[in-house]
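S.K.: First, the structure itself, so that you have it in front of you.
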C-alpha cells in the first residue's frame with residue numbers, strides 16, 4: 001500500500017516553488033531587457049577650435065562631431081561610430097559634387113611611423129542634419145552624395161565606422177580629407193596631441209550602471225537583519241540624481257511573526273531613489289558631493305524552509321514595501337575610457353562610488369518595522 005496523503009502537499013509545494021522561480025526569472029529577464037535596451041545612441045562633441053579649410057573656391061567647416069555612446073565607457077570597438085558634420089560653401093560657378101567614398105578619416109600617432117596610422121571607413125552618409133535616427137545598427141550603407149550649387153551652402157554628414165586596434169587608447173592626430181573642386185586634397189585637422197587647445201567638449205556621462213551592497217537593521221514589530229545586492233541605473237537630471245534598480249535580499253528574522261522554519265527569507269524587488277545635492281567640493285580630479293536622498297522599494301519575500309516536515313508545504317510568501325531617507329556621499333568622478341580622441345567632459349560628472357546611511361520604514365505582511373540602512377555602490 002502506498003500513502004497518497006503527501007501528494008497534494010507535494011504538488012502544492014512544487015507549484016509554489018515553481019511560481020517563486022518564475023518570478024525570479026522574470027525579474028532577471030526584465031533586467032536583461034533593460035540592459036540590452038540601452039542601445040547605442042550618439043553624443044555631441046563640440047570642437048573647441050572649429051576645423052576649417054578652403055581651396056579651389058570651396059570652404060569646409062566642422063564645428064561638431066557625434067560619437068556613439070559606447071565609446072564613453074569602452075573606447076573604440078568594432079561597433080563604434082563617429083559622425084563628421086560638415087558645412088560646405090561653394091564659391092565657384094559650377095556645381096560641386098562630394099561623394100562619401102572620397103572622404104578619408106586618418107588617425108596618426110607619429111609622422112615618423114606611417115605604418116601605425118589608422119583610418120576609419122565611411123559607413124553611411126546623407127545631406128542635412130544628423131540626429132541619430134538614420135543609424136539602424138544594420139549598416140544599410142546608404143552612402144548618398146551631396147551637390148552644392150554655385151554660391152550656396154549645404155550641410156552634410158558622414159558616419160565612419162570604428163574598430164578596436166592595438167594602441168587605440170593613445171591620443172592621435174585626427175584629420176579629415178576631401179577633394180576640392182579642382183581635385184586637390186583639402187585637409188581639416190580635428191585633433192592634434194601637440195595642440196592642448198584642440199579639445200572635443202562633451203557633456204559628462206549622463207548615466208551609468210552601479211553595483212552595490214546594502215544592509216538593514218530593523219526594530220519594532222519585526223526585529224531582523226537583512227543584506228542585499230543591488231544593480232542600479234543612475235542618472236543626473238540637472239543638479240538632481242535618480243536611480244532605479246533591482247535588489248536581491250537575504251533577511252534573517254530575530255524576533256517576529258513571519259512564518260519560516262529557518263527564520264530566514266530570500267527576496268527580490270525593485271527600488272528607486274532621488275538625491276538632492278547639498279554640498280560639492282574637492283579638486284576636479286577627486287570631487288565629492290553630499291546630498292539628501294529619499295526613495296522606496298517593493299519586494300517579495302519567500303521563506304527558506306529547512307526541515308522535511310515544513311518542506312512538504314508551500315513556503316510562506318510576503319509582499320513588502322520600504323521607505324528610506326538619509327544622507328548620501330558621492331566620491332570620485334566617472335571618467336571616460338581612453339580613446340584616440342581628445343574628449344573633455346563638461347558639466348558635473350556622476351560619482352564613481354556612493355555610500356548612504358539613513359532611516360528606513362518597512363511594511364511586510366501587514367506588520368511594520370523601522371530601523372537604519374547602510375549601502376555602498378560602485379560604478380562599472
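S.K.: Does any residue in region 128-154 that is closer than 16 Å to residue 178 by Cβ and assigned by TED's automatic domain parsing to the domain that holds residue 59 come within less than 6 Å, Cβ to Cβ, of a residue that is in a loop (DSSP other than H, G, I, E, B) and at pLDDT 75 or above six or more places away or on a different chain, and which pairs are these?
M.R.: Within 6 Å, the pairs are 145/99; 147/95.
S.K.: To continue, here is another question. Does residue 220 meet the test of being at pLDDT below 90, closer than 30 Å to residue 48 by Cβ and surrounded by fewer than 16 Cβ atoms within 10 Å (Cβ to Cβ)?
M.R.: no
S.K.: Still on this model: Kindly evaluate residue 300 against the criterion of being touching a strand residue (DSSP E or B) at 6+ places or on another chain (Cβ under 7 Å) and within 15 Å of residue 355 (Cα to Cα).
M.R.: Criteria not met by residue 300.
S.K.: Are there any strands (runs of 3 or more DSSP E) wholly within region 264-380 with 2 or more residues that are in the same structural domain as residue 208 (by TED's automatic domain parsing), free of Cβ contacts under 8 Å to residues at least 40 places away in the same chain and more than 19 Å from residue 242 (Cβ to Cβ), and if so which?
M.R.: 264-282, 353-364
S.K.: Taking the condition over 30 Å from residue 262 (Cα atoms), touching a residue at least 24 places away in the same chain (Cβ under 8 Å), surrounded by fewer than 19 Cβ atoms within 10 Å (Cβ to Cβ) and within 29 Å of the chain's Cα centre (by Cα), does residue 193 pass?
M.R.: The answer is yes for residue 193.
S.K.: Quick one: in region 78-111, which of the residues that are out of contact with any strand residue (DSSP E or B) (no Cβ under 7 Å at 6 or more places or on another chain) and within 24 Å of residue 198 (Cβ to Cβ) is surrounded by the most Cβ atoms within 10 Å (Cβ to Cβ)?
M.R.: 109
S.K.: Could you grab me the full set of residues in region 231-258 that are in a strand (DSSP E or B) and without any contact (Cβ under 8 Å) to a residue 12 or more places away in the chain?
M.R.: Passing the criteria: only 237.
S.K.: On to the next question. Based on what the data block shows, is residue 229 at pLDDT below 90 and outside the structural domain of residue 95 (by TED's automatic domain parsing)?
M.R.: No; evaluated as a whole, the condition is false for this residue.
The values are calculated or read from the model by the stated rules, or taken from the named source; none is laboratory data. None of these values were measured; they are calculated from a predicted model. No Cβ is skipped: glycine too gets one built from the backbone with ideal geometry, and neighbour counts run over all protein chains shown.
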